[in-house]
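Chemist: Shown below is the structure under consideration.
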Amino acid sequence: MDFNWLASFLVHANWLAFAVPIFLLFMGIEYLVARWQQKKYFQFSTSVANINVGIAERLLDTFTVGAFYFVYDSLHRHFAIFDIRPTVWTWVSLLIVTDFVWYWYHRLAHEINLFWAVHVVHHQSEDFNYTVSARITVFQAVVRTGFWSILPVIGFPAEMITTILLVHGLYPFFIHTRTIGKLGWLEYVFVTPSHHRVHHASNPEYLDKNYGDVLIIWDKLFGTFVEERSVPVYGLTKPLGSHSFLWQHFHGLLELLVASWQADGWRAKWNVLFGRPDELNPTIRQELESRFLSTSAAERRVEHTQRRRFRGYVAGQLAGTLLILFVFLLFEHYVPGWLQLLTALFILLTLINCGALLEQRQWVLYLEVGRVAVLWLALYGLLGYPMLIVLGYIGALSLWAYFSFIRRHYFQLVYGSGPDRLWLSESQ
Ligand SMILES: [Zn+2]
Ligand SMILES: [Zn+2]
């Protein structure tokens, strides 16, 4: 037996990929604990939407992580003020400085429109459980990197920064839960689930509070600390009312784009971008919602997302995507560039598809066709059989010939009704 391959795999495999099954395991345990406590902390559509956002971030992270490292390393080589070497004390200092920078990053993410437009995604969930910790977008990672850039300038080497960001990034996963109450003396020093429940609440007394990530001392120092007393109500002050993957990611940026477009002159545009979110004209969101969201679908959503067959289909898509993501991350260094791009495209199409299914959209069928086409391309690229071209040709012809038949059966499967009924109620 050839052990060289195994040895090479042990060195080159991306072991961070195991974060995916481990996080899922914790979500599963939390779900069971919540059931045991007879609490309904998980809703199907919200959990799917939360995990979908996380899948996209983990996926796109593989393409950005190298760029972020390059930024830290270049800044360190050219602008480092101090020459910091790794010792116990510099590691501890780095953790504290990182947490301090996080506090200000997070606070400004709530106080400045441009940053809020991407951080808002983390706050859209009306549930509060471990799946919410997955609600981070790649746009947020880009903004955060801007803030982390202060660390290499101080003099911390890029290797130290990326390591500490890993530890610092793991911690908040565990504070997104309602199953853990108050934690005694830990409440005075660390950010606990209780503190972070306050941060995610839309109760007036809880707004813009508890920004800390690991240490709660910054909030106490800068006057943004509030203790959890009344029961939190989770989500945005004006709930999003949509599980669409695209809408969740882009509504904040779209609102900002329209607001700055409408503002007269550069000064006014600047004020919109760097102004406070609560000063943004609320009618812009209403107009965008009436243009991009289907209200009739929102009314029907409750009904169709309850059906077992629908849930089975969506849960199956989600499980498949998670498996592909895990394998993709684990073998990252073995996957050629073209296959990485096709896998990323397939996963993103599936996430958009799942969101659109929850919203009972009509165009999901075209996305499904797109997904099959990407799958076919990947297969052809991997195997190179000429027979696949013939099969693809026959498949495309059959799709064209039987499109209305396929459409009727597909909608019957996922929505429990034919397309005619859907078209009718959509136009009402
Ligand atoms: Zn926040
Ligand atoms: Zn959070």
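Since every read-out is calculated from the coordinates, none of them should be taken as a lab result. Quick caveat: nothing in here was measured; it's all calculated off a predicted structure. Every residue, glycine among them, receives a Cβ derived from its backbone with ideal geometry; neighbour counts consider all protein chains shown.
Chemist: Among 250-262, 334-346, how do they line up from the highest to the lowest mean number of other beta-carbon atoms within 10 Å?
Modeler: 250-262, 334-346
Chemist: Now for a separate question. At a temperature of 25 °C and a viscosity of 0.890 mPa s, determine how fast the chain diffuses translationally according to Stokes-Einstein, using the Kirkwood radius over alpha-carbon pairs as Rh; express D in µm²/s, rounded to the nearest whole number.
Modeler: So the translational diffusion coefficient is about 102 µm²/s.
Chemist: I would also like to ask the following. Kindly list the residues of the stretch 123-137 that lie in the label zone of Glu205, defined by a backbone N under 18 Å from the point 7 Å along the Cα-to-C-beta vector.
Modeler: none
Chemist: Using helices alone, I'd like the mean residue ellipticity at 222 nm for the chain: each DSSP H run of four-plus residues gives -39500 (n - 2.57), total over residue count, nearest 500.
Modeler: Mean residue ellipticity at 222 nm (helix-derived): -22000 deg cm²/dmol.
Chemist: Find, among the chymotrypsin sites (Phe, Trp or Tyr not before Pro) in the stretch 377-407, those assigned to loop by DSSP (not H, G, I, E, B) with at most 14 other beta-carbon atoms within 10 angstrom.
Modeler: Tyr402
Chemist: Let me ask something additional. Normalised by the residues of the chain, what does the relative contact order come to in percent, with Cα pairs under 8 Å and at least six apart?
Modeler: The normalised contact order for the chain reaches 19 percent.
Chemist: Longest span of the chain, sites excluded, free of trypsin sites (Lys or Arg not before Pro) in DSSP loop with at most 16 other C-beta atoms within 10 Å?
Modeler: On the way: sites that count: Lys39, Lys40, Lys182, Arg229, Arg307.
Result, exposed sites excluded: 41-181.
Chemist: Please compute the contact order of the stretch 13-221 in relative form: average sequence separation of alpha-carbon pairs under 8 Å and at least six residues apart, divided by the residue count, as a percent.
Modeler: Computed over the stretch 13-221, the figure is 26 percent.
Chemist: Straight-line reach from Lys182: which lysines fall under 21 Å, measuring Cα to Cα and dropping same-chain residues less than 8 apart?
Modeler: Qualifying lysines at Cα under 21 Å: Lys39, Lys40, Lys209, Lys220.
Chemist: 5 Å is the cut-off here: which amide hydrogens, built 1.01 Å from N in the peptide plane, fall below it relative to Phe190, excluding neighbours closer than 5 in sequence?
Modeler: Ile216
Chemist: Let me know the Kirkwood hydrodynamic radius for the stretch 248-292, please, with Cα pairs as the basis and the value in Å to one decimal.
Modeler: About 10.8 Å for the stretch 248-292.
Chemist: Multiply the residue separation of Ala268 and Tyr380 by 0.36 nm, subtract the distance between their alpha-carbon atoms, and state the gained length in nm to one decimal.
Modeler: 35.1 nm
Chemist: Moving on to the next point. Alpha carbons only, please: Rg and Dmax for the stretch 297-427, in angstrom.
Modeler: Every Cα atom of the stretch 297-427 included, Rg and Dmax give 16.6, 49 Å.
Chemist: Now a separate question. State which helices in the chain qualify, where a helix is a whole DSSP H run, it must extend 20 Å or more along its own axis by its Cα atoms, and its mean Kyte-Doolittle hydropathy must be at least 0.5.
Modeler: Qualifying helices, which must be both long enough and hydrophobic enough, are 19-36, 245-262, 308-330, 337-358, 364-383, 387-401.
Chemist: When we measure straight from the Cα of Lys269, which aspartates and glutamates land under 15 angstrom away, once same-chain ones fewer than 8 places off are left out?
Modeler: Result set, ordered by chain and number: Glu255, Glu279.
Chemist: Ranked by Cβ crowding within 10 angstrom, fewest neighbours first, how are Asp99, Asp83 ordered?
Modeler: So the ranking, lowest neighbour count to highest, is Asp83, Asp99.
Chemist: Ok, one more. For the stretch 132-249, what does the alpha-carbon gyration tensor say about shape, rounded, prolate or oblate, given a ≥ b ≥ c as the root eigenvalues, a/c under 1.5 as rounded, and a/b over b/c as prolate? The partial results should precede the final answer.
Modeler: Details: a/c = 1.93, a/b = 1.22, b/c = 1.58.
Cα axes put the stretch 132-249 in the oblate bin.
Chemist: Where Rh is the Kirkwood radius over the Cα pairs of the stretch 13-221, the temperature 4 °C and the viscosity 1.567 mPa s, what D in µm²/s does Stokes-Einstein return?
Modeler: 71 µm²/s
Chemist: Which FRET efficiency value, to the nearest 0.05, do you get for Arg291 and Ala7 by plugging their Cβ-Cβ distance into 1/(1 + (r/R0)^6) with R0 = 35 Å? Let's see the in-between values first.
Modeler: On the way: r = 57 Å, r/R0 = 1.62.
The pair Arg291/Ala7 has a calculated efficiency of 0.05.
Chemist: So if we plug the beta-carbon distance of Arg307 and Leu399 into 1/(1 + (r/R0)^6) with R0 = 25 Å, what FRET efficiency do we get, rounded to 0.05? Provide the component values of the computation, followed by the final result.
Modeler: Numbers: r = 26 Å, r/R0 = 1.03.
Calculated transfer efficiency: 0.45.
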